[in-house]
Amino acid sequence: MKKSVYSLVLTDAVVEAADRLSYIKGMSRSALIDELLARALSCMTPEMRLRDIFVTFEEQMRDDTVFRMQNRASDSMLSLFSAIQYKYKPTIRYSVELFKQPQGGAFGALRIQSRTHSAQLLCELEDFYRLFIATERRLSGNRGLKAAHEEGRLMRLLAFPPGKEDSSESELGEALVAYIKLFDRAMKQYFALLHDRAAAQEQIALLYATYLNTQPLIIF
């Protein structure tokens, strides 16, 4: 959504009140006035859309004991953590970034990483990322899935499946939760079955097939 610079004549008391509220909300004066006008005129700004998506996301995760949420640093980014059963129980960080405008067909990006310095664990994470993405491409038919991984980190662009570009904020928030939970379950299955890679691969495929058959909005 394009933005332009406009000159407005406002009452001093209104500006003072706007400045107080923008300080409380951690917003600029322009962003606050833009949002207040949008709500009054039943419009949706990109910032409001991202915020509403994350509100749904947080509501869906509120009672989940597997993940630990981190306070949002901005309206466009959110992080959460989950631990895996591997020796010293390392923590995995999931960071979701939503774009104000689609970028190359993607509406956001998911970044996954661990702060570990264990070469063995980094190698296992690399193997899991490779297996999961390959399973995803094969079962979903999404050959154009964009993902990159190195040194125990994965970055995966997030896109709508064909024909779902107009999905609502609540639908998208729920879809993000479902995808991250799928990924986390698959990772835990992989590490639980390190002694049997074939069984791990089978379990990951089963989890992803169930996701495809039960989730209304699939993350592409």
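The values are calculated or read from the model by the stated rules, or taken from the named source; none is laboratory data. This is a predicted model, so every value here is computed, not measured. Heads up, the Cβs are rebuilt from the backbone with ideal geometry, glycines too, and the neighbour counts pull from every protein chain shown. Areas reflect the complete protein model, heavy atoms only, side chains present, ligands, DNA and RNA absent. Shrake-Rupley method; radii C 1.70, N 1.55, O 1.52, S 1.80 Å.
Considering (1) within 26 Å of Leu176 (Cα to Cα); (2) surrounded by 13 or more Cβ atoms within 10 Å (Cβ to Cβ); (3) of a type in the set (Gly, Ala, Ser), say which one Ser22 fails and leave the rest. Of the numbered conditions (1) within 26 Å of Leu176 (Cα to Cα); (2) surrounded by 13 or more Cβ atoms within 10 Å (Cβ to Cβ); (3) of a type in the set (Gly, Ala, Ser), the odd one out for Ser22 is (1).
It is to be established whether one or more residues within the stretch 44-52 are farther than 19 Å from Gly173 by Cβ and open to solvent by 50 Å² or more (accessible area, probe 1.4 Å). No, the stretch 44-52 has no match at all. Looking across Asp127, Asp184, one residue alone is open to solvent by less than 30 Å² (accessible area, probe 1.4 Å), charged (D, E, K, R) and in a helix (DSSP H, G or I). It is Asp184.
So which of Arg68, Arg72, Arg130 is touching a residue at least 12 places away in the same chain (Cβ under 8 Å), over 29 Å from Ala209 (Cβ atoms) and of a type in the set (Lys, Arg)? Lay out the reasoning, then the answer.
Values: Arg68 fails: over 29 Å from Ala209 (Cβ atoms); Arg130 fails: over 29 Å from Ala209 (Cβ atoms).
When all the criteria are applied, what remains is Arg72.
Go through Gly152, Gly173 for me and flag whichever is in contact with an Asp or Glu (Cβ under 7 Å, 6 or more places away or on another chain) and either within 20 Å of Gly104 (Cα to Cα) or touching a residue at least 24 places away in the same chain (Cβ under 8 Å) (or both). Working first, answer last.
Working: Gly173 fails: in contact with an Asp or Glu (Cβ under 7 Å, 6 or more places away or on another chain).
Going through Gly152, Gly173 in turn, just one is in contact with an Asp or Glu (Cβ under 7 Å, 6 or more places away or on another chain) and either within 20 Å of Gly104 (Cα to Cα) or touching a residue at least 24 places away in the same chain (Cβ under 8 Å) (or both): Gly152.
Within the stretch 72-126, the residues that satisfy the criterion of being among the basic types (Lys, Arg) and under 17 Å from Tyr179 (Cα atoms) are Arg93, Arg111. If you go through the stretch 88-106 and pick out every residue that is among the hydroxyl-bearing types (Ser, Thr, Tyr) and within 18 Å of Ile219 (Cα to Cα), you end up with 2.
Looking at this structure, is Leu212 surrounded by fewer than 15 Cβ atoms within 10 Å (Cβ to Cβ), at pLDDT 95 or above and among the hydrophobic types (A, V, I, L, M, F, W, C)?
On the way: surrounded by fewer than 15 Cβ atoms within 10 Å (Cβ to Cβ): yes; at pLDDT 95 or above: yes; among the hydrophobic types (A, V, I, L, M, F, W, C): yes.
In short, yes.
Residues that are modelled with pLDDT under 95 and crowded, with 20+ Cβ neighbours inside 10 Å within the stretch 87-106 are absent altogether. All of Ser79, Ser30 fail the test of being at pLDDT below 85 and either loosely packed, with under 14 Cβ neighbours inside 10 Å or polar (S, T, N, Q) (or both), apart from Ser30.
If only residues of the stretch 53-65 that are open to solvent by less than 40 Å² (accessible area, probe 1.4 Å) and among the hydrophobic types (A, V, I, L, M, F, W, C) are counted, the one that is farthest from the chain's Cα centre (by Cα) is Met61. Condition check for Leu122 on (1) modelled with pLDDT of 95 or more; (2) in a helix (DSSP H, G or I); (3) open to solvent by less than 70 Å² (accessible area, probe 1.4 Å); (4) closer than 18 Å to Tyr94 by Cβ: one failure, at (1).
Arg197: closer than 21 Å to Ile92 by Cβ, open to solvent by 10 Å² or more (accessible area, probe 1.4 Å) and without any contact (Cβ under 8 Å) to a residue 12 or more places away in the chain, yes or no? The answer is yes for Arg197.
Residue count for the stretch 21-70 under the criterion of being of a type in the set (Val, Ile, Thr) and not in a helix (DSSP H, G or I): the result is 3.
Take Ile112 and decide whether it is of a type in the set (Val, Ile, Thr), surrounded by 15 or more Cβ atoms within 10 Å (Cβ to Cβ) and either out of contact with any Lys or Arg (no Cβ under 8 Å at 6 or more places or on another chain) or part of a helix (DSSP H, G or I) (or both). No, not satisfied.
If you check Gly173, Gly144, which single one turns out to be small (Gly, Ala, Ser) and either open to solvent by 10 Å² or more (accessible area, probe 1.4 Å) or in a strand (DSSP E or B) (or both)? Write out each step before concluding.
Values: Gly173 fails: either open to solvent by 10 Å² or more (accessible area, probe 1.4 Å) or in a strand (DSSP E or B) (or both).
The match here is Gly144.
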